[in-house]
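Step one of this worksheet: look at the structure below.
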Amino acid sequence: MRARAGRLLSTIAFGVVAVLAAGVCVRLGIWQLDRLAQRRAYNAQVAARLDAGAESLRVALARDTGDARWRRVTGTGVPQYEKEVVLAARTRGGSPGVWIVTPLRMPGTDTLVALMRGWVYSPNGRTVDLSKWRESDTITVDGRLDAFQRPAAGAPRLQSDDRAFRWLERDTLSAEWGAPVASMLVYQFGDTIGGFEATGGVTPARFPVPTMDEGPHKSYAVQWFAFATVFVVGYGAVVVTGQRKRRAS
């Protein structure tokens with residue numbers, strides 16, 4: 001009798017643990033579905049802004065930063081090549097390199113726009129002869145707006161090279177360039193959608209038009225629901241096995 005009671009208590013305890021574990025897994029699965037819905041809504045917003053056509057850079061920069069992000073922009077400005085900096089440690093196809101950041105002066109304003117002109121090869125990922133990558137005296141922008149990066153740990157500038165930055169900060173760039181800096185970055189597009197454009201060493205490899213994906217949220221949700229099913233089915237199997245043993249005895 002005591003043995004049977006002990007087995008019953010063990011089965012009940014296991015059932016409680018299984019139900020709790022299954023509940024946690026279901027909740028995590030629902031959370032991943034919520035993340036998926038948020039990702040889809042974000043992707044739809046980004047796609048709508050990119051598909052809306054190019055907007056004047058000056059008009060787009062006058063928007064609130066949240067409303068301006070991801071908008072396709074166009075405009076013409078004068079590059080300040082002598083003030084260029086680079087973002088260090090940016091790879092392309094497994095090769096080390098940097099992103100060239102060029103201050104662009106727009107007509108009728110002293111505010112400089114930080115133009116991400118593209119990627120160039122750098123063996124150490126931080127230094128490059130920028131004079132070899134100068135383009136024309138005026139640059140026509142065809143790109144997208146994006147926010148400045150969130151501050152990371154440590155200083156934004158590399159101590160080993162006064163033109164190399166780990167991440168971009170608006171106030172730091174303003175001090176570096178000696179002029180106000182626009183509130184958004186501009187990434188210059190290339191002609192090839194879905195990857196960097198190989199330019200044959202004439203101009204920096206431009207940035208691609210962004211492609212939207214849904215991430216791993218759907219597969220994660222399926223996994224969590226599968227784990228919940230395993231707990232429930234496993235508990236059911238334990239109960240059935242126990243009943244069979246009792247009948248056999």
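Restricting GLN188, GLN223 to residues that are closer than 23 Å to LYS83 by Cα and modelled with pLDDT of 90 or more narrows the list to GLN188. On inspection, MET116 passes the criterion of being crowded, with 20+ Cβ neighbours inside 10 Å, of a type in the set (A, V, I, L, M, F, W, C) and at pLDDT 90 or above.
On inspection, GLU176 qualifies as at negative phi, more than 21 Å from the chain's Cα centre (by Cα) and not in a loop (DSSP other than H, G, I, E, B).
Candidates LEU50, LEU87: the one that is in contact with a strand residue (DSSP E or B) (Cβ under 6 Å, 6 or more places away or on another chain) and at pLDDT below 85 is LEU50.
Look at (1) touching a helix residue (DSSP H, G or I) at 6+ places or on another chain (Cβ under 8 Å); (2) closer than 30 Å to VAL181 by Cα and you find that GLY29 fails only one, number (2). Selection of segment 134-154 for residues being in contact with a strand residue (DSSP E or B) (Cβ under 9 Å, 6 or more places away or on another chain) and part of a loop (DSSP other than H, G, I, E, B) yields ARG134, GLU135, SER136, ASP137, THR138, ALA147, PHE148, GLN149. For segment 134-160, a residue qualifies if it is surrounded by 13 or more Cβ atoms within 10 Å (Cβ to Cβ), closer than 30 Å to ASP51 by Cβ and touching a residue at least 60 places away in the same chain (Cβ under 8 Å), and the qualifying residues are GLU135, ILE139, VAL141, ASP142, GLY143, ARG144, LEU145, ASP146, ALA147. Pairs are defined by a Cβ separation below 9 Å, a sequence spacing of at least 6 or placement on different chains, a first member in segment 18-29 that is under 16 Å from VAL238 (Cα atoms), and a second member that is among the polar types (S, T, N, Q); the pairs so defined are ALA22/THR229. Only residues that are at pLDDT below 75 and not in a loop (DSSP other than H, G, I, E, B) were counted across segment 201-217, and they come to 0. Sub-8 Å Cβ pairs linking a first residue in segment 116-133 that is assigned to a strand (DSSP E or B) to a second residue that is polar (S, T, N, Q), at least 6 apart or interchain, are MET116/GLN188; ARG117/THR102; ARG117/GLN188; ARG117/THR203; GLY118/GLN188; GLY118/THR199; GLY118/THR203; TYR121/SER95, ordered by first then second residue. The single condition from (1) modelled with pLDDT under 95; (2) more than 19 Å from the chain's Cα centre (by Cα) that ALA147 fails is (2).
Among residues of segment 90-113 being under 21 Å from ARG166 (Cβ atoms) and of a type in the set (Lys, Arg), the one that is modelled with the lowest pLDDT is ARG92.
The values are calculated or read from the model by the stated rules, or taken from the named source; none is laboratory data. Just so it is clear, the structure is predicted and the values come from calculations on it, not from any experiment. We place every Cβ from the backbone using ideal geometry, glycine too, and count neighbours over all the protein chains shown.
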